[in-house]
Amino acid sequence: MAAAGLGATAMPALSLKSLHPFPRNVRILPLVPETKRVLGYATRKETTPQVQAFGAYLKEAWEQFMTMTSDETKG
């Protein structure tokens, strides 16, 4: 909506990933006061190596995403 010049939008940081790289005419601004969202995932107590690998992947991807969006909002 914002990129098309139709207004502004508020969206979670996780959704911003679909916009990366951000259009040149779009500015990402933080909300003040800053808001937070807690994400998690659940597994059985006993999991397969594939489930454990998926959990490790989620953690790494989230950390990379947060670094990426942090850099974008500073500019």
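Quick notes on this structure:
- Verdict on residue 46 being exposed (fewer than 10 other Cβ atoms within 10 Å of the Cβ) and of a type in the set (Asp, Glu): yes
- Of all residues in region 1-54, those that are assigned to a loop (DSSP other than H, G, I, E, B), under 21 Å from residue 68 (Cα atoms) and aromatic (Phe, Trp, Tyr) total 1.
- Contacts under 8 angstrom Cβ, first residue in region 51-69 being under 25 Å from residue 31 (Cβ atoms), partner surrounded by 13 or more Cβ atoms within 10 Å (Cβ to Cβ) and of a type in the set (A, V, I, L, M), 6 or more apart: 65/13; 65/14; 66/13; 69/13; 69/16; 69/28
- Here the condition is being basic (Lys, Arg), surrounded by fewer than 10 Cβ atoms within 10 Å (Cβ to Cβ) and modelled with pLDDT under 85; of 37, 27, it holds for 37 alone.
- Residue check, residue 65 in contact with a helix residue (DSSP H, G or I) (Cβ under 7 Å, 6 or more places away or on another chain) and in a helix (DSSP H, G or I): yes
The values are calculated or read from the model by the stated rules, or taken from the named source; none is laboratory data. Only a predicted model underlies this, so the values are computations on that prediction, with no experimental measurement involved. Methodologically, a virtual Cβ is constructed for each residue, glycine included, from the backbone with ideal geometry; neighbour enumeration extends over all protein chains shown.
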